[in-house]
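What follows is a single structure, written as structure tokens, with notes after it.
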Amino acid sequence: MFQIINNTDAVITDSLTALIYGEPGIGKTSLSFTTNNPLLLDFDGGVQRACYRQTTVRIEKWEDIIELQKSTELKQLSPKTFIIDTAGSMLDNYLANYVKTIDPKNMRRGGELSLQGYGAMKDAFYQFRNWAKSLKCNLIFIAHTTTQEEGDNTKFIPKVTGGSYDILRQTCDLVGYMYSNKNKRVLDFNPADNHIGKNCAEFDILEIPVYTDSSFQSYFQNLIDLTLNKMNNLNERQTALVRELEDYEKSLTPLEGTEQLNAELEIIRKITERNVSLQKFALLEKHANKIGHTFNKKDKVFACTK
Amino acid sequence: MYKIKPSVLDSYRIYKYEIFEKSLDDILKTIKGEYEPSSEMNLGSEIHKFFETGEADLMPEEIAQLQVFDATIPKGINELKFQQEIDGILFSVVIDRIRGNEVIEFKTGSSFHGVEFYNDSVQWKIYLLCSECDKATYYNITYNKVRPYQFKLHEPFSFYRYKTMQDEIMQFSHEFIDFCKLHGVEDYILV
């Protein structure tokens with residue numbers, strides 16, 4: 001049964017894509033295991049190093065992923081979270097090699113990906129992401145870190161090559177840098193001068209509990225739940241606001257005279273939410289111009305120009 | 001009081017961090033407002049004009065491509081100008097489009113700079129701070145250099161407000177003010 005969603009209807013987000021990056025051994029994979037029914041897709045052969053190890057699929061080539069997607073084993077496992085370890089290997093090696101084999105035009109003479117190849121890799125990546133989303137599974141990408149010099153500043157960024165990096169950055173709802181500070185492991189989703197981040201849940205810098213702490217076992221799942229909650233709240237707020245503005249624009253039609261316009265202006269002035277007052281003022285000004293009025297910036301009122 | 005435009009502050013950021021992109025002379029000219037618009041900037045203005053008004057000084061086949069893009073981009077209020085004073089600094093802002101709680105920005109150029117370039121930009125952070133919106137989404141349109149231009153709309157990407165955003169903007173703005181003082185161009189940012 002299909003579902004029609006109008007442009008002002010709220011859309012529920014039920015899964016997200018996150019990227020965690022940091023130095024090897026900091027505990028990124030172990031942290032990603034603290035999610036609901038995770039399945040690790042091991043592109044690096046490094047799962048044995050993780051604490052609190054969960055079900056893992058060793059990947060030898062991208063075709064293994066295609067096979068896994070159709071398999072009965074996957075149905076039986078019924079994962080809720082896919083962990084990609086590491087994103088760099090998946091994109092730069094496995095997926096890049098796969099697209100080179102399906103069309104020779106995806107490869108340059110030197111063996112590297114052509115521009116068309118990057119397009120094909122992007123398409124294959126989005127197919128994978130959309131498949132995971134269709135199963136309502138969260139996706140967690142793990143990446144090692146590398147540095148980038150910016151003037152005198154050194155920035156820690158995920159170790160993924162240029163074209164792949166953009167694909168990943170465009171996809172992720174959360175990007176967190178994991179590092180050690182005073183013998184504590186911390187996770188920072190805030191963008192900063194020395195690392196990247198994406199923090200739609202507005203988390204503070206988070207101190208990760210030790211493995212033996214009971215709160216560790218569902219730690220990242222809690223962050224996912226809080227983020228989804230925040231994203232859905234934002235969506236709801238956005239939907240309500242768009243509807244309010246559309247209704248407001250319609251309500252302006254009967255306003256005809258200078259007095260009515262300026263009375264409405266007074267109402268807008270009392271709105272405390274800046275983005276709402278700005279947009280309502282813009283709509284009011286548009287209506288005023290239509291009926292032969294302009295906003296006098298000096299007196300801050302509408303005046304008739306007829 | 002100081003008046004800062006996000007585009008000028010971003011030029012300073014590029015001068016400071018993106019080595020070889022801008023010279024000292026370039027950034028001083030930008031602060032003084034002494035730069036000649038390039039052909040890329042003129043084309044960018046036409047594309048922006050199209051998204052604002054539905055019209056532009058472009059060939060019909062070029063307009064037709066932009067119309068296809070326009071149908072996929074959320075509608076809202078275009079070219080919203082406003083100013084916001086924070087601790088003695090007046091931020092002067094023109095936002096391409098606002099829809100509810102979301103800022104929408106169009107970026108144009110012959111090549112796509114990558115998500116990271118925009119992530120580092122102070123522009124969206126100032127826009128979110130001043131508008132009190134929560135989300136900024138960039139729509140990138142690139143083109144080849146032969147007419148009729150073949151436009152490409154890249155996958156949009158969004159950034160969200162975060163807790164330390166205002167502190168970062170203010171710290172960077174004060175650093176920019178010190179730079180202007182040092183190079184004798186403070187008058188250009190005073191109001």
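So the values come out like this:
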quantity: Residue check, B:Met1 within 23 Å of B:Lys145 (Cα to Cα) and out of contact with any helix residue (DSSP H, G or I) (no Cβ under 7 Å at 6 or more places or on another chain); calculated: no
quantity: Enumeration of residues in the stretch B:177-191 that are open to solvent by less than 90 Å² (accessible area, probe 1.4 Å) and either at positive phi or basic (Lys, Arg) (or both); calculated: B:Gly184
quantity: Helices (runs of 4 or more DSSP H) lying entirely in the stretch A:193-306 (those with 3 or more residues that are within 14 Å of another protein chain (Cβ to nearest Cβ) and hydroxyl-bearing (Ser, Thr, Tyr)); calculated: A:219-251
quantity: Members of the stretch B:103-121 found to be crowded, with 22+ Cβ neighbours inside 10 Å and either basic (Lys, Arg) or more than 22 Å from A:Leu168 (Cβ to Cβ) (or both), listed by number; calculated: B:Val103, B:Ile104
quantity: Residues within the stretch B:159-183 that are among the hydroxyl-bearing types (Ser, Thr, Tyr) and part of a loop (DSSP other than H, G, I, E, B), tallied; calculated: 2
quantity: Residue that is farthest from the chain's Cα centre (by Cα) [pool: residues in the stretch B:21-68 that are of a type in the set (Ser, Thr, Tyr) and either surrounded by 11 or more Cβ atoms within 10 Å (Cβ to Cβ) or assigned to a loop (DSSP other than H, G, I, E, B) (or both)]; calculated: B:Ser23
quantity: Residue match in the stretch B:131-138 (condition: within 11 Å of another protein chain (Cβ to nearest Cβ), in a helix (DSSP H, G or I) and over 24 Å from A:Ile157 (Cα atoms)); calculated: yes
quantity: Identity of the residue in the stretch A:168-189, at the interface with chain B (Cβ under 10 Å from one of its Cβ atoms) and within 22 Å of B:Glu18 (Cβ to Cβ), that ends up modelled with the highest pLDDT; calculated: A:Val175
quantity: Positions within the stretch A:250-284 being of a type in the set (D, E, K, R), open to solvent by 30 Å² or more (accessible area, probe 1.4 Å), within 25 Å of B:Glu102 (Cβ to Cβ) and in contact (Cβ under 8 Å) with a residue 12 or more places away in the chain, in sequence order; calculated: A:Glu264
quantity: Members of the stretch B:79-127 found to be in a loop (DSSP other than H, G, I, E, B), facing another protein chain (nearest Cβ under 9 Å) and touching a residue at least 40 places away in the same chain (Cβ under 8 Å), listed by number; calculated: B:Phe112
quantity: Residues being under 19 Å from the mean Cα position of the chain (by Cα) and of a type outside the set (S, T, N, Q) - total across the stretch A:170-211; calculated: 23
quantity: The listed residue being within 20 Å of A:Lys28 (Cβ to Cβ), in contact (Cβ under 8 Å) with a residue 24 or more places away in the chain and in contact with a Cys (Cβ under 9 Å, 6 or more places away or on another chain), out of A:Phe141, A:Phe156; calculated: A:Phe141
quantity: Residues of the stretch B:58-76 satisfying the condition of being among the charged types (D, E, K, R) and more than 14 Å from every other protein chain (Cβ to nearest Cβ); calculated: B:Glu61, B:Glu62, B:Asp70
quantity: Cβ pairs under 8 Å, 6+ apart, first in the stretch B:141-165 and farther than 18 Å from B:Val115 by Cα and within 8 Å of chain A (Cβ to nearest Cβ), second polar (S, T, N, Q) and part of a strand (DSSP E or B); calculated: B:Lys163/A:Asn199
quantity: Some residue of the stretch A:31-44 being modelled with pLDDT under 90 and either over 30 Å from A:Asn235 (Cβ atoms) or not assigned by TED's automatic domain parsing to the domain that holds A:Asp188 (or both); calculated: yes
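Table: residues versus (1) in contact (Cβ under 8 Å) with a residue 24 or more places away in the chain; (2) crowded, with 17+ Cβ neighbours inside 10 Å; (3) assigned by TED's automatic domain parsing to the domain that holds A:Cys304.
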{"residue": "A:Asp188", "(1), (2), (3)": "no, yes, no"}
{"residue": "A:Ala201", "(1), (2), (3)": "yes, yes, no"}
{"residue": "A:Pro209", "(1), (2), (3)": "no, no, no"}
{"residue": "A:Thr212", "(1), (2), (3)": "no, no, no"}
{"residue": "A:Asp225", "(1), (2), (3)": "no, no, no"}
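Yes/no per residue for (1) over 23 Å from B:Gly44 (Cβ atoms); (2) within 18 Å of the chain's Cα centre (by Cα):
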| site | (1), (2) |
| --- | --- |
| B:Ile126 | no, yes |
| B:Ala136 | no, yes |
| B:Ile141 | no, yes |
| B:Val146 | no, no |
| B:Lys152 | no, no |
| B:Lys163 | yes, no |
| B:Asp178 | yes, no |
| B:Val191 | yes, no |
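The values are calculated or read from the model by the stated rules, or taken from the named source; none is laboratory data. Values in this document were obtained by computation on a predicted structure and should not be read as measured data. Because the Cβ atoms are built from the backbone with ideal geometry, glycine has one as well, and the counts that use them run over all protein chains shown. To get the accessible areas, we keep the full protein, side chains included, count just its heavy atoms, and leave off ligands, DNA and RNA. Shrake-Rupley method; radii C 1.70, N 1.55, O 1.52, S 1.80 Å.
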